[in-house]
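**Student:** Pasting a structure here, questions to come.
The values are calculated or read from the model by the stated rules, or taken from the named source; none is laboratory data. Predicted model only: the values in this text are computed from it and were never measured. Virtual Cβ from ideal backbone geometry, glycine too; neighbours counted across all protein chains shown.
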Amino acid sequence: MIRRDGQLKYKQIHAELERFIAKAKPGEKLPPERGLARDFDCSVLTVRKALAPLVASGQVIRRTGSGSFVAAPQDVPGNGAAKDVDTIGMLIHSRADAYAMSVVKATSEAAAQQAVKLRVACADGFGEPAMQEVRLLAREGCSALIIPWVPFREISELAGFAGKCPLPFTLPVLIPGFERNCFETPEVTGLGTVMGTRAVCEYQRLLGGRRIALLGPDTKGDFAMSEKLVAYAEFVFKNDLDNLSALVGPTAEDMNALATKWAAQKGELSILCYDDVHATRFMTAMHKLGLSAPEDFWIVGCNDTREASFADPPLTSLRGDYAHLGKITVRCAMAAARGQEWHSTTPAPNTLAIRESCGGLDRIDPTLEAALKKCAITWEIADTHSPKPILHAPQPRGDQPLMTYA
């Protein structure tokens, strides 16, 4: 049957069903086939022809005697043949930053080591285009989905996406209602961030820092920043230090204003940053005021991305174990593909990549190393691509000793 505009009737029904699925909840029943045939003035066979691609792609589950239903996340979609449990999809956000791409690379390497075939798709956000990409991954034989990184501004959108995802999936964040999908247990989630923040604060204190500050974004709902703030607040309280945390906006004017305010503490300030981007932004703002690290302030970034080694001066940065993240992500996804659950119970370890900016490049000794090990952190003198020669550490600040020993 053909509509007056020339569109085949089964395609019209198919489009209507896709709209229904986009708005429906997982497990929701589709309209009865006979009812659709009556509404569209066609035969039941035409309705089934419209349904067939949706069943094949895994968006719809047919149950004999019960009807057709919107696929739930635990339903492994069928394509006429058994899915390959060793083929996993990965959905990469189009605005993935340097940290996110490090996680993606580590996940790809972990999949190769475990002989897991990885199919990759990219989408801008977690709306309908992303859902279409996942449906395509399902048709290509993927039995589970990895979402390696999520912008925190899109957590609520991700929650809606997760509720309709046709594949079992694993997440890098803990979303209420989707705890089973996080690659870490609730007890472990964020613990690596907390431990790393405490360790860097202690490192800066041992180097002689008297005014330790925390710098990060003013993004609402950023779990990582919240964890850093809690760990930092606990540290400065226990060590009787001033709380100098600052959350800044994304513009150069925002960072310039903070630099102007903190410039008054020249020679006393040690800064721990949310990531390398915020660290390099702050150093740029201070350069405009004629100030630089490590002569006028000490600074440490986070994630150890390319920005760190190419910064001026090269930036000390706290690096999580990307290989560990990749391995547990793949393992969690493989368990989901088999209808099981697995979550890491061990927090990701941290390494402090030491360069010029922190004021401690030539000051590591056995006592400091032992102190850092107590904080569950390792360290390394990192390679640098900067043509500048390595500077010696600045003199002690005021009457603060060069190193505080336990």
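**Student:** Take the residues in the stretch 313-332 that are assigned to a helix (DSSP H, G or I) and of a type in the set (D, E, K, R); name whichever of them is farthest from P166 (Cα to Cα).
**Tutor:** K327
**Student:** Looking at E234, E128, which is the one that is surrounded by fewer than 18 Cβ atoms within 10 Å (Cβ to Cβ), under 30 Å from I364 (Cβ atoms), of a type in the set (D, E, K, R) and at pLDDT 90 or above?
**Tutor:** After ruling out the rest, the residue left standing is E234.
**Student:** State whether the residues of the stretch 227-236 include one that is within 19 Å of T280 (Cβ to Cβ), in the same structural domain as F297 (by TED's automatic domain parsing) and not in a strand (DSSP E or B).
**Tutor:** yes
For (1) in contact (Cβ under 8 Å) with a residue 40 or more places away in the chain; (2) surrounded by fewer than 20 Cβ atoms within 10 Å (Cβ to Cβ); (3) assigned to a loop (DSSP other than H, G, I, E, B), each residue gets a yes or a no:
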{"residue": "G160", "(1), (2), (3)": "no, yes, no"}
{"residue": "I175", "(1), (2), (3)": "no, yes, yes"}
{"residue": "R180", "(1), (2), (3)": "yes, yes, no"}
{"residue": "M195", "(1), (2), (3)": "yes, yes, no"}
{"residue": "V200", "(1), (2), (3)": "yes, no, no"}
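**Student:** Scan G192, G196, G208 and give me the residue that is at pLDDT below 95 and at positive phi.
**Tutor:** Matching residue, one of G192, G196, G208: G208.
**Student:** Return the only residue of A100, A106, A96 being under 24 Å from S156 (Cβ atoms), part of a helix (DSSP H, G or I) and touching a Phe, Trp or Tyr at 6+ places or on another chain (Cβ under 6 Å).
**Tutor:** A100
**Student:** Can you say whether A279 is surrounded by fewer than 18 Cβ atoms within 10 Å (Cβ to Cβ) and assigned to a helix (DSSP H, G or I), as far as the supplied structure shows?
**Tutor:** The answer is no for A279.
**Student:** Shifting gears a bit: Only one of T284, T329, T351 is modelled with pLDDT of 90 or more and under 20 Å from Y232 (Cβ atoms). Can you tell me which?
**Tutor:** Step by step, each of T284, T329, T351 is checked, and only T351 is modelled with pLDDT of 90 or more and under 20 Å from Y232 (Cβ atoms).
**Student:** Given (1) part of a strand (DSSP E or B); (2) modelled with pLDDT under 80; (3) not hydroxyl-bearing (S, T, Y), where does F69 come up short, assuming only one miss?
**Tutor:** (2)
**Student:** Follow-up question, since we're still on this one. Consider the stretch 333-367. How many of its residues are assigned to a helix (DSSP H, G or I), in contact (Cβ under 8 Å) with a residue 60 or more places away in the chain and within 30 Å of A115 (Cβ to Cβ)?
**Tutor:** 4
**Student:** Let me ask you something else. Of all residues being within 30 Å of S156 (Cα to Cα) and basic (K, R) in the stretch 211-231, which is modelled with the highest pLDDT? Just the residue, please.
**Tutor:** Checking each candidate, the answer is K228.
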